[in-house]
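**Q** This structure is in structure tokens; I'll ask about it shortly.
Each value in this text was obtained by applying a stated rule to the coordinates, not by laboratory testing. The structure displayed is predicted, hence computed values, not measured ones. Cβ sites come from the backbone with ideal geometry, for glycine too, and all protein chains shown count toward neighbours.
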Amino acid sequence: MDGAGGAVYARREGVVLREVAGEHLLVPIRKDVADLKAIFALNGVGLRIWELLDGARALDGVLAELVERFDVPIEEASADLSAFVDRLLAAGLVERKG
Amino acid sequence: MERPTSPGDVVKARLSALLDRAVAQRVPLNGTIAMTHRCHLRCVHCYLGCERQGPPADGELDTAFWLSLVDQVAQAGCLELLITGGEPLLRPDFALVYERARRRGILASVFTNATLVDERIVRLFEELPPQLVEVTLYGASERVYERVTGVRGSYRRCLGAVDTLLDRGVAVALKAVILSDNKEEVPAIRRMAEERGVAFRVDAALFPCRDGDRHPLDHRVDAAEAVALEMEDESLLRRTAEYFQQMRGLPPETQLFSCMAGLTGFHVDPQGTLLPCLMVSTHGFDLRRGSFREGWDEVLPRFREQALAPGYECHACERRFLCGLCPAQAGMETGSPHRKADYACRLGEARLDVVKSRLDKSHDAP
């Protein structure tokens, strides 16, 4: 996690998680949140990460949960988690809390 | 562990897959609701006719019904919801229902004449933006616009609201209905949209009133003339030609309805009847007596099962990809969804002419 493992992120308020036709979607609903045309579709791993970004848990904790749950090497999970959080952040769907 | 996201997972590619799955699973992805058929304008061509003038409580349902409906359709998988009418802003609870839809993660759009847009509505759309607010301009000039709407002051109120919404960053699109009353101004209406940098479309389709009054049809323009006006939009002509090329080889349809109505689409009218689409008046389910899920699962599938009547002409016609073929609309005009509507047929012919000429030109190009 390149030293950012202690960072804490939270889901932003104006984003709604929907399940539509078996697909989990993040739908931004407020003008100040993300690009309103950008709907994220999450797979199972993305959904779990989204649920874990609760504004209390540091990324290290999220990573540990992923490694345990999905039985994956820590380096691989760390790179994927980091890239995913960066994308959520760039899209304005999460915010850094600490 | 699979990657939490894969390339291209943002929007389009995934939404296309989502649509495929929604069709396969019959998920009500796209709906329209009309909380009222009332309207304070008196447009000469409107298919709602006398229904526009009903008293406020005339069969309309209360706020609790509409809020519950929004919750139910969200639960069932509705992603896009169009709030139309009548004029939806006549309902004092429009904002409550709209807000509920947005907070449920539904992408809401609104068809409105915009003349009732006030600061409260602008703020609502700023805070919880719609996908689109679509406004019809009935004329480029005050004289022609109000000749169509029959209400003095409506032109200025409409344009004022459109410009305010645009200034405040709300997504607005403009539309023109081609009428004998305004056909000379359609190019100027198009320019008004271009000047504002907003999407624009024209619509040549007029229908008899739902009560059978055929008065709106008096305002139709000759089909070839209507098509010439719509095809002034070069990108529309290109897209139409491409679409025709893509579709023309398809085998004839085997069912009466091959659209999305009742498959991923639904409509709910002001009296709470769940219908396959806005244009259909059969196969309804009374949502005051049962849930959306019951109506969707038990009644609307029967709409999809309608077979073609012997002698039906349209399912194998080459022009069906261009005429806007809709058996429900044909039914409004001819009394039977199995009978072709001559005006739609003429629109199809006129479009086929321009499309073929376009395709010939592109073949001749070096």
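**Q** Evaluate the relative contact order of chain B (contact order divided by residue number), counting alpha-carbon pairs under 8 angstrom at least 6 apart; express in whole percent.
**A** Working: 593 pairs, mean separation 59.0, N = 366.
Rounded, it is 16 percent for chain B.
**Q** Counting other beta carbons within 10 Å of each residue's own, what order do B:192, B:247 fall into, fewest first?
**A** With the sparsest Cβ surroundings first, the list reads B:247, B:192.
**Q** When a footprinting reagent is the concern and you count Cβ atoms within 10 Å, what order do B:66, A:50 take, fewest first?
**A** By the 10 Å Cβ count, ascending, the order reads A:50, B:66.
**Q** Another one. Take the alpha carbon gyration tensor of the stretch B:205-299, find the square roots of its eigenvalues, order them as a ≥ b ≥ c, and report rounded if a/c is under 1.5; if not, report prolate when a/b exceeds b/c, else oblate.
**A** It is oblate, given that a/c is not under 1.5 and a/b is not larger than b/c.
**Q** Sticking with this structure for a sec: What average count of beta carbons from other chains do you get within 10 Å of the Cβ of residues in B:99-106?
**A** Whole-number average of other-chain Cβ neighbours for B:99-106 is 4.
**Q** When DSSP assigns beta bridges and you keep just the ones with both residues in chain B, what percent turn out antiparallel, to the nearest 5?
**A** 15
**Q** One-quarter of the Cα convex hull surface for chain A, in nm²?
**A** Answer in nm², one decimal: 6.0.
**Q** Let me ask something else about it. Given Cβ point charges of +1 (Lys, Arg) and -1 (Asp, Glu) and nothing else, what value in debye, to the nearest 20, does the dipole of chain A about its Cα centre take?
**A** 540
**Q** To the nearest 20 Debye, how big is the dipole of the stretch B:303-366 about its Cα centre, given +1 on the beta carbon of each Lys and Arg and -1 on that of each Asp and Glu?
**A** The dipole magnitude comes to about 100 debye.
**Q** Ordered by packing density, taken as the mean number of other Cβ atoms within 10 Å over each peptide's residues, highest first, how do B:182-189, A:58-65 rank?
**A** Per-residue Cβ counts within 10 Å, averaged per peptide and sorted highest first, yield B:182-189, A:58-65.
**Q** Quick one: Cα centre-to-centre distance for the stretch B:224-253 and the stretch B:265-342, in angstrom?
**A** 24
**Q** For A:41-51, what's the mean count of beta carbons from other chains sitting within 10 Å of each residue's beta carbon? Before the final figure, lay out each step's value.
**A** Working: counts 11, 4, 7, 3, 5, 6, 1, 2, 2, 1, 0.
The per-residue average across the peptide is 4.
**Q** In addition: In percent, what relative contact order does the stretch B:140-257 have, based on Cα pairs under 8 Å that are 6 or more apart in sequence?
**A** Worked out over the stretch B:140-257, it gives 20 percent.
**Q** Between the helical axis of A:59-70 and the dominant principal axis of chain A, each derived from Cα atoms, what acute angle in degrees is found, rounded to the nearest 10?
**A** For A:59-70 against chain A, the angle is about 80 degrees.
**Q** With springs only between Cα atoms under 10 Å, which of A:69, A:12, A:48 fluctuates most in a Gaussian network model of chain A?
**A** A:69
**Q** For a quick protection proxy, order the peptides B:249-261, B:118-130, B:100-112 by their average other-Cβ count within 10 Å, most packed first.
**A** B:100-112, B:118-130, B:249-261
**Q** In addition: Just B:290, B:139, B:85 to compare: in a GNM of chain B, with alpha carbon springs under 10 Å, which one fluctuates most?
**A** Largest GNM mean-square fluctuation: B:290.
**Q** Considering the options A:42, A:58, A:78, tell which one lies farthest towards the positive end of the dipole of the stretch A:34-83, charges being +1 on Lys and Arg and -1 on Asp and Glu at the Cβ, about the Cα centre.
**A** A:42
**Q** Determine the shielding of peptide A:69-78 by partner chains: average, over its residues, the number of Cβ atoms on other chains within 10 angstrom of each Cβ.
**A** Across the residues of A:69-78, the mean count of other-chain Cβ atoms within 10 Å is 1.
**Q** Okay, helix-only estimate at 222 nm for the protein assembly as shown: each DSSP H run of n ≥ 4 adds -39500 (n - 2.57), divide by all residues, round to 500 deg cm²/dmol; what do you get?
**A** Calculated mean residue ellipticity at 222 nm is -11500 deg cm²/dmol.
**Q** Provide the per-residue ³J(HN,Hα) series for the stretch B:253-267, in order, calculated from phi with Karplus coefficients 6.51, -1.76, 1.60 and θ = phi - 60°, each as a whole number of Hz, with x at glycine and proline positions.
**A** 5, 10, 10, 5, 10, 10, 8, 8, 4, x, 9, 10, x, 8, 9
**Q** Could you give the dipole magnitude of chain B about its Cα centre, charging the beta-carbon of Lys and Arg +1 and that of Asp and Glu -1, in debye to the nearest 20? Let's see the in-between values first.
**A** Numbers: 47 positive and 52 negative charges, 74 e Å.
In total the dipole reaches around 360 debye.
**Q** Then there is this: Using the 4.7 Å Cβ rule, please list in number order the cysteines from chain B without any candidate partner.
**A** Cysteines lacking a close Cβ partner in chain B: B:39, B:50, B:78, B:158, B:209, B:259, B:277, B:314, B:317, B:323, B:326, B:345.
**Q** May I pose another question? What is the count of Lys pairs in the protein assembly as shown whose alpha carbons sit under 22 Å apart, if the two are 8 or more places apart or on different chains?
**A** Step by step, the pairs that qualify in the protein assembly as shown add up to 5.
**Q** While we're here: For a test of the definition: using alpha carbon positions, the gyration tensor, and the 1.5 limit on a/c, classify the protein assembly as shown as rounded, prolate or oblate.
**A** It comes out prolate by the Cα gyration axes.
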